[in-house]
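Engineer: If you scroll down you'll find the structure; I have some questions about it.
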Amino acid sequence: MRKLGLIYSFLNIIKGFVGIGGIVAIVIITMLPNGTFIDIGDPYYKVEEHGKSTTSSEIDNAVGEILSPGMRNEDPIVLQVKSIDLSTEINYSWKTLIVVFIIMTAAFFVIILHSMQRIIKDIKNGKPFSIKNIQRLRTIGLLVMIAPIVEWLMSMIMILWFSSLDTVDGLKLEFTSELGWMVFILGLIIYTLGFAFEEGNKIVEEQELTI
Amino acid sequence: MPIIVNLDVMMAKRKVRSKELAEKLGITEANLSILKTGKAKAVRFSTLEALCRELNCQPGDLLEYQE
C-alpha cells in the first residue's frame, strides 16, 4: 500500500506540472498583440568548411553578388536539396550494436505478449486474480516504464556513435532524442493495475473460503 | 484464528459422516473439510442454520471463541 501511495503522489506532481504549464502557455498566447507575426520555424542553414562557417546572411550576400545585378538581395532565394544520403561502412561494432538492439527489442515484446496471453488464458479459466497474474501485470508495467528510458539511452548511444563518424565537408548532422513520457505513464497505469488485481485476489480468496 | 469450529466434535456426537452431512447441506466434502479444519474465513447464516438443523444443536455448540 505504501508503494501505491508513492505512485499516487507522483501522479499528483505530474498533474501539477501539466496544469501550471498549460496556464503559462495560455497567458503567453493571449498576451500576444494582434496583427504581428510570430516565427514558428526559422529556416537556418550553415555551411562549414575546414572549421570556417558561413551563416545564412553571409550566404545570401555571397549569392547576391553572383547573381545578376538586376536581382536584389531581398529577393527570396530558394535552395533545393535533391537528396541526402547517409551511409556508413558495415563493421563489427556496428553489427554488434544492431544485433544487441534487435535482441533487446524482441525480448521486450515477447515477454510482454507472452505474459498477456497467460493473463488472458487465466481470465478465460475464471481465475483472473491469481498471484501469477498479479506478478505478470507488474512485470509488464515495469517493462513498459523502462522501455522509453532504454530507447532514449540507445538513441543517445547511436547519436554519439554517428557524431564520431567522418562526415562530408560542409555537412553538419544534428540529432535530437526525446523521452517517451506518455509510454512511461502507460506503464505506470499497468503497474498500478497489479495492485487492483491484488485486492481482487484477496476478495476471491475470502469468497472461496466462505462456506 | 480466535473462532474455533467444533464441527468434528458435534459430528462424532451425532455419529454423522462427512459425506452424508455434505450431501444434506448441499456443499462439497472439500468445503465441509475447510469448515472442520478451521480454514474457513466466514460462514453464511444459511450454512450455519443447515448445520444446526442436521446436527440438532445450537450455533454455540459449533462455534467457540478463544483469545
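Bear in mind these aren't lab numbers, they're just calculated from the coordinates by the rules spelled out. Keep in mind that this is a model prediction, so the values were computed, not measured. Glycine also receives a Cβ, built like all others from the backbone with ideal geometry; neighbour counts cover every protein chain displayed.
Engineer: Highest mean first, what order results for B:4-11, B:41-48, A:195-202 on Cβ atoms within 10 Å? The partial results should precede the final answer.
Structural biologist: On the way: B:4-11: 17.5, B:41-48: 13.0, A:195-202: 15.1.
Descending packing order for the listed peptides: B:4-11, A:195-202, B:41-48.
Engineer: Here's a follow-up. Suppose the chain between residue A:209 and residue A:178 were pulled fully straight at 0.36 nm per residue; how much longer would it get relative to their current alpha carbon spacing? Please list the in-between numbers first.
Structural biologist: On the way: separation 31, 0.36 × 31 = 11.16 nm, distance 5.06 nm.
Gain in length upon complete extension: 6.1 nm.
Engineer: Hey, another quick one. Could you tell me which of B:6, B:22, B:35 has its Cα farthest along the dipole of chain B towards the positive end, charges placed at Cβ (Lys, Arg +1; Asp, Glu -1), taken about the Cα centre?
Structural biologist: B:22
Engineer: Would you kindly state how much longer the chain becomes between residue B:30 and residue B:16 on full extension, computed as 0.36 nm times their sequence separation minus their alpha carbon distance, in nm to one decimal? Don't skip to the end; give the middle numbers.
Structural biologist: Details: separation 14, 0.36 × 14 = 5.04 nm, distance 1.61 nm.
Taking residue B:30 through residue B:16 to full extension adds about 3.4 nm, to one decimal.
Engineer: Still on this structure, please answer the following. For A:114-124, what's the mean count of beta carbons from other chains sitting within 10 Å of each residue's beta carbon? Intermediate values should be presented prior to the final figure.
Structural biologist: On the way: counts 0, 0, 0, 0, 0, 0, 0, 0, 0, 0, 0.
Taking the mean over all residues of the peptide, I get 0.
Engineer: What does the net charge come to around residue B:11 if you take all other residues with beta carbon closer than 9 Å to its beta carbon, with K and R at +1 and D and E at -1?
Structural biologist: Numbers: positive: B:13, B:14, B:15, B:17, B:36; negative: B:8.
Surrounding charge for residue B:11 is +4.
Engineer: Suppose R0 equals 45 Å; then what is the FRET efficiency for residue A:104 and residue A:32 from their Cβ-Cβ distance, rounded to the nearest 0.05?
Structural biologist: Details: r = 46 Å, r/R0 = 1.01.
E(calc), rounded to 0.05, equals 0.50.
Engineer: Which residues does the label zone of residue B:41 cover in region A:109-141, counting backbone N under 15 Å from a point 7 Å along Cα→Cβ?
Structural biologist: Inside the label zone: A:128-131.
Engineer: Please compute the length gained on full extension between residue A:111 and residue A:153, using 0.36 nm multiplied by the number of residues separating them and subtracting their Cα-Cα distance.
Structural biologist: Working: separation 42, 0.36 × 42 = 15.12 nm, distance 2.05 nm.
This chain segment gains 13.1 nm when fully extended.
Engineer: Starting from the eigenvalues of the Cα gyration tensor, five times each then square-rooted, give me the equivalent ellipsoid semi-axes of region A:117-166, largest first, whole Å. All intermediate terms of the calculation are to be shown ahead of the outcome.
Structural biologist: Details: eigenvalues 319, 17, 5 Å².
Semi-axes, largest first: 40, 9, 5 Å.
Engineer: Give me P(r) over chain B, computed from all C-alpha to C-alpha distances, binned every 10 Å, as integer percentages.
Structural biologist: Percent of Cα pairs in each bin: 21, 63, 15, 0.
Engineer: I've got another one for you. Which whole number gives the average, over all residues in A:202-210, of C-beta atoms from other chains lying within 10 Å of the residue C-beta?
Structural biologist: Working: counts 0, 0, 0, 1, 2, 2, 4, 8, 8.
Other-chain Cβ atoms within 10 Å of each residue's Cβ, averaged: 3.
Engineer: Here's another thing I want to ask about it. Quick check on packing: order B:22-31, A:98-107, A:141-150 by the mean number of other C-beta atoms within 10 Å, highest mean leading.
Structural biologist: Details: B:22-31: 14.0, A:98-107: 11.8, A:141-150: 17.4.
Highest to lowest by the protection proxy: A:141-150, B:22-31, A:98-107.
Engineer: What distance in nm separates the two pseudo spin-label positions at residue B:52 and residue A:202, each 7 Å out from Cα along the beta-carbon direction?
Structural biologist: 3.1 nm
Engineer: With r defined as the distance between the Cβ atoms of residue A:20 and residue A:124 and R0 fixed at 41 Å, what FRET efficiency is calculated, to the nearest 0.05?
Structural biologist: Values: r = 45 Å, r/R0 = 1.11.
Once rounded, the FRET efficiency stands at 0.35.
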